[in-house]
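Worksheet: one structure, shown below.
The values are calculated or read from the model by the stated rules, or taken from the named source; none is laboratory data. A quick note: this is a predicted structure, and the numbers were derived from the prediction, not measured. Cβ sites come from the backbone with ideal geometry, for glycine too, and all protein chains shown count toward neighbours.
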Amino acid sequence: MTVKISHTEQVQKLFDEACGFNNDEGSTRVKTLMRRIVNDLAKIVEDLEVTEDEFWFAVDYMNRLGKDFEVGLLIAGLGLEHFLDLLGEAKDAQIGITGGTPRTIEGPLYVAGAPICQGEARMDDGSETDATVMFLEGQVVDTEGKPVAGATVDLWHANTKGNYSYFDKSQSEFNLRRRIITDAEGRYKARTIVPSGYCCKPEGPTQEALNLLGRHGNRPSHVHFFISAPGYRHLTTQINLSHDPYLWDDYAYATRDGVVGEIRFIEDAAAAAARGVQGRFAEVDFNFELLKATSAEDEKRSKRPRALQTA
């Protein structure tokens with residue numbers, strides 16, 4: 001028999017006190033959020049008849065998730081980070097804002113302070129000699145197709161093993177991370193390598209949860225971007241590369257129409273020589289369309305905590 005007591009005066013007074021509503025200190029906003037969270041969790045325990053063993057397993061799981069720094073991975077895998085994008089777009093549509101390159105998830109692996117380059121950059125340090133060289137270039141424009149000169153194209157991606165510099169200590173500092181300032185025509189160019197897709201750690205707590213949901217934890221090959229310029233809305237997005245088998249089966253739900261990067265693999269020796277490389281290489285062309293900012297706040301990225309956030 002289901003027993004429900006969360007609605008009773010005794011329990012509601014308990015939650016009010018626990019969440020600080022009996023004092024004038026602290027943060028009113030945090031109190032309001034915590035009160036809702038605690039009450040909703042209590043209702044979940046009641047409605048789904050959560051056992052004590054299940055409850056304390058969940059507590060232990062959250063401890064392990066935080067210890068392994070995988071909370072961001074699980075949030076993405078449960079669709080909550082993508083939900084924030086969908087919610088933001090719904091709010092925009094409600095006030096008549098449409099267009100521009102679609103936003104998509106940032107992920108937890110950005111590192112601030114990457115080297116700044118004018119117009120073009122080489123992103124890799126040359127240590128992965130078996131990697132396929134990739135030339136990534138395009139243009140930043142406004143919604144009328146006019147080039148946005150001086151925009152900052154802040155991009156980062158994994159290496160051929162699916163690992164990111166800073167978090168992977170075997171890589172050099174800021175390997176595969178750059179900030180490129182667009183030229184007078186709004187163009188950016190990057191010589192880099194084709195990144196590998198990757199998966200959640202098989203033995204990690206995120207994959208543990210995904211296993212219980214009958215799901216994989218794979219991400220397709222992709223490149224992350226922050227695009228910013230004075231007078232324009234900050235854009236957080238990524239391009240998932242078209243050759244990857246997980247392109248439309250991304251565990252983090254980041255693949256969207258409008259942000260698929262069509263990758264071309266070229267094996268022509270003359271074309272390689274013209275690019276200054278040998279053997280097979282790849283090309284990706286991708287343009288970004290920025291929306292005009294309606295406030296100074298629009299130009300800024302979120303205040304989400306990030307590694308080495310100095311910029």
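Restrict the check to the range 177-193 and report whether at least one residue is part of a helix (DSSP H, G or I), more than 25 Å from A307 (Cα to Cα) and in the same structural domain as S127 (by TED's automatic domain parsing).
No, there is no match, as no residue in the range 177-193 is part of a helix (DSSP H, G or I), more than 25 Å from A307 (Cα to Cα) and in the same structural domain as S127 (by TED's automatic domain parsing).
Which one is surrounded by the most Cβ atoms within 10 Å (Cβ to Cβ), of the residues in the range 252-280 that are assigned to a strand (DSSP E or B) and of a type in the set (V, I, T)?
The qualifying residue surrounded by the most Cβ atoms within 10 Å (Cβ to Cβ) is I263.
So, in the range 192-251, of the ones that are within 26 Å of G150 (Cβ to Cβ) and among the hydrophobic types (A, V, I, L, M, F, W, C), which residue ends up surrounded by the most Cβ atoms within 10 Å (Cβ to Cβ)?
My answer is I239.
Which of the numbered conditions does P305 fail, given that it passes all the others? Conditions: (1) free of Cβ contacts under 8 Å to residues at least 12 places away in the same chain; (2) assigned by TED's automatic domain parsing to the domain that holds V153; (3) surrounded by fewer than 18 Cβ atoms within 10 Å (Cβ to Cβ); (4) closer than 21 Å to G72 by Cα.
Going through the list (1) free of Cβ contacts under 8 Å to residues at least 12 places away in the same chain; (2) assigned by TED's automatic domain parsing to the domain that holds V153; (3) surrounded by fewer than 18 Cβ atoms within 10 Å (Cβ to Cβ); (4) closer than 21 Å to G72 by Cα, P305 breaks only (2).
Return the pairs, sorted by first residue and then second, in which the second residue is outside any loop (DSSP other than H, G, I, E, B), the first residue lies in the range 240-256 and is of a type in the set (D, E, K, R), the beta carbons are less than 7 Å apart, and the residues are 6+ apart or on different chains.
Here the result reads D250/R219; D250/N240, each pair linking the range 240-256 to a residue that is outside any loop (DSSP other than H, G, I, E, B).
Considering every residue within the range 39-48, establish whether at least one is in a loop (DSSP other than H, G, I, E, B) and touching a residue at least 60 places away in the same chain (Cβ under 8 Å).
Of the range 39-48, the ones in a loop (DSSP other than H, G, I, E, B) are 48.
Adding the requirement that they be touching a residue at least 60 places away in the same chain (Cβ under 8 Å) leaves none.
No: zero hits.
Kindly indicate whether any position in the range 211-220 is of a type outside the set (A, V, I, L, M, F, W, C), more than 27 Å from D130 (Cβ to Cβ) and without any contact (Cβ under 8 Å) to a residue 40 or more places away in the chain. Walk me through how you get there before you give the answer.
First, the residues of the range 211-220 that are of a type outside the set (A, V, I, L, M, F, W, C): 211, 214-220.
Right, trim to more than 27 Å from D130 (Cβ to Cβ) and you get 211, 214-215.
Narrowing further to those that are without any contact (Cβ under 8 Å) to a residue 40 or more places away in the chain: 211, 214.
Yes: one or more hits.
Can you tell me which residue is nearest to H224 (Cα to Cα) among those in the range 280-301 that are in contact (Cβ under 8 Å) with a residue 12 or more places away in the chain and of a type in the set (G, A, S)?
For the range 280-301, the residue satisfying everything is A282.
Would you check if K4 is surrounded by 11 or more Cβ atoms within 10 Å (Cβ to Cβ), of a type outside the set (A, V, I, L, M, F, W, C) and part of a helix (DSSP H, G or I)?
On the way: surrounded by 11 or more Cβ atoms within 10 Å (Cβ to Cβ): yes; of a type outside the set (A, V, I, L, M, F, W, C): yes; part of a helix (DSSP H, G or I): no.
So K4 fails the test.
List pairs: first in the range 1-21 and outside the structural domain of E46 (by TED's automatic domain parsing), second part of a helix (DSSP H, G or I) and β-branched (V, I, T), Cβ under 7 Å, 6+ apart or cross-chain?
none
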